[in-house]
Amino acid sequence: MSFFGKLKDRLFKTSSRLDEGLSEIVGEGEPAPAAPEPAADPVPNLVTPALDSPAPAAPRTGFLGRLFGREEVEVPRRTLDDAMLEEIEDLLVASDMGVETALRVTANLAEGRMGRRLSVPEIKEILAGEVARIMEGVARPMPLYPKRPQVVLVVGVNGSGKTTTIGKLASQFRAAGKTVVIAAGDTFRAAAVEQLQVWGQRAGVPVLTAAQGSDPASLAFDAMERAGRDGADLLLIDTAGRLQNRQDLMEELAKIVRVIRKKDPSAPHNTLLVIDATTGQNALSQVEIFQKIADVSGLVMTKLDGTAKGGVLVALADRFGLPIHAIGVGEQIDDLAPFDPQEFARALTGAA
Ligand SMILES: Nc1nc2c(ncn2[C@@H]2O[C@H](COP(=O)(O)OP(=O)(O)OP(=O)(O)O)[C@@H](O)[C@H]2O)c(=O)[nH]1
C-alpha cells in the first residue's frame, strides 16, 4: 500500500465521521431544476461539466449509457445556503476542529459558492484545500543541527505517547545512520523506564536509567556525558508528565535544563511536546500549559489512528502555529509519519 493509502486508512475514524456527516447534510440531493424535454435527436454530451458548475438536470442517459442501455448515476447535490453552511460547521466542530477554525474554514468554503449545487466529493475537495492551507505553515520536520549531541527533550502528559514516540524517533534516526542515546528521565515510574528499555532494544539504542525516584536532572547530566563520550548525534531525554502537580513538574523540567546547559549552553536544541489526539479539545489546553512550563519548539501528535477527533490537529495549527514535526498513526516502530499537510488534509477529509 502507498504511504498515502496507509495514512488514509489510519485516519479512517475521523474521515468516515466527516463522510457520514456530509452525506447526511447533502442527503439524497434536492430535485434538480426542471429539465427541458430532450430534443428528438439529441446531440451527445461530450463535454464534462466543470466541478463548480450547476448540476445537470435529473438523471441523464449519457451517450455511453444509452449505448449500453444503462443510466449514468447522478451524484446527490445540495444548494449551498446558510443552513447548509451551519451544518457543515457543526460537523467540523464535532471532528474537534474547534469553533474558531471551523468558522474560518466554512467562511472560506462559502466564498463565491453560495447558491451553487455541491456534491459530497466536491465539498471534501474544498475542505481538504482549506485544511492544507492552514497546515502548510506549520509542517516542518524536526530540525537537525551539526551540534553533537543534539539534545531533544521530550515532554507531555503521562500516556500521551512520549515513550513510544522516543522509540520510533530513535529507530528512524538510527536507520538514517545517526547514533542515538536515550535517557529514561521519568525516574519516578518503573513501568515507564522498563517500556523505554524495550523500545531501546527494538531500536538498537542504549537507554540510560537511574534508580527509581532519583533525580532526573542528575540522570540527564550523566546522559550528556555518555552521549558526549560516545560521540552520539542525538540524545533523546524522556521526562515525567505529571501535570497534576504542575509546579513540581515545572521545577523538575527547569532543573533538567539547567543541568544540561552546564555541559552545553545551547541545549536543549529541541523540546518536543507529544500530544494525544484522542484527548480532543483538551489538547489545546495541554499545549498552552506546556508552553508555559517548557520552551516547546515543536509538536508530535500521536494516536491519530484511534480517534474520530483528528480535526484537533487543525485547531492546534490554527491556534498556536507551532511546528508539527510528525504524527503517530499506530503502535508499531514505523508508525511515525513525517507531517505532510496535503496528504494529511486529504486523508482527514477523505478526499479522493
Ligand atoms: N494507536 C496508537 N497508539 C499509540 C500511539 N502512540 C502511542 N500509543 C500507545 O499509547 C499508550 C501510551 O504510550 P506511551 O508511549 O507509554 O506514553 P507515555 O507518554 O510515555 O506515557 P507514560 O509511560 O505513562 O509516561 C501505549 O499503549 C502506546 O502503545 C499511536 O500513534 N497510535
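Laboratory data are not the source of any read-out in this text; all were calculated from the coordinates shown. What you see is a predicted model, and the numbers here were worked out from it, not measured in a lab. Virtual Cβ from ideal backbone geometry, glycine too; neighbours counted across all protein chains shown.
In table form, for the structure just shown:
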quantity: Sorted by Cβ neighbour density within 10 Å, fewest at the top, the residues Phe344, Phe290; calculated: Phe290, Phe344
quantity: Computed Kirkwood radius, in angstrom, where 1/r is averaged over Cα pairs of the stretch 93-185; calculated: 17.3
quantity: Two-decimal log10 I(q)/I(0) for the chain, as the Debye equation yields it once each C-alpha is a single scatterer, q = 0.07, 0.10, 0.11 Å⁻¹; calculated: -0.39, -0.67, -0.76
quantity: Straight-distance crosslink candidates among lysines, where the alpha carbon sits under 22 Å from Lys124 and sequence neighbours closer than 8 are dropped; calculated: Lys6, Lys8, Lys13, Lys309
quantity: Top positive-direction residue, dipole computed over the chain with Cβ charges, set Val205, Ala170, Thr239; calculated: Val205
quantity: Nearby lysines by direct alpha-carbon distance to Lys262 (threshold 23 angstrom, same-chain neighbours under 8 apart not counted); calculated: Lys147, Lys292
quantity: Ranked Met84, Met135, Met301, Met114, criterion: other C-beta atoms within 10 Å, fewest first; calculated: Met114, Met84, Met135, Met301
quantity: Structure-based [θ]222 nm, the chain - -39500 (n - 2.57) summed over DSSP H runs of at least 4, per residue, nearest 500; calculated: -14500 deg cm²/dmol
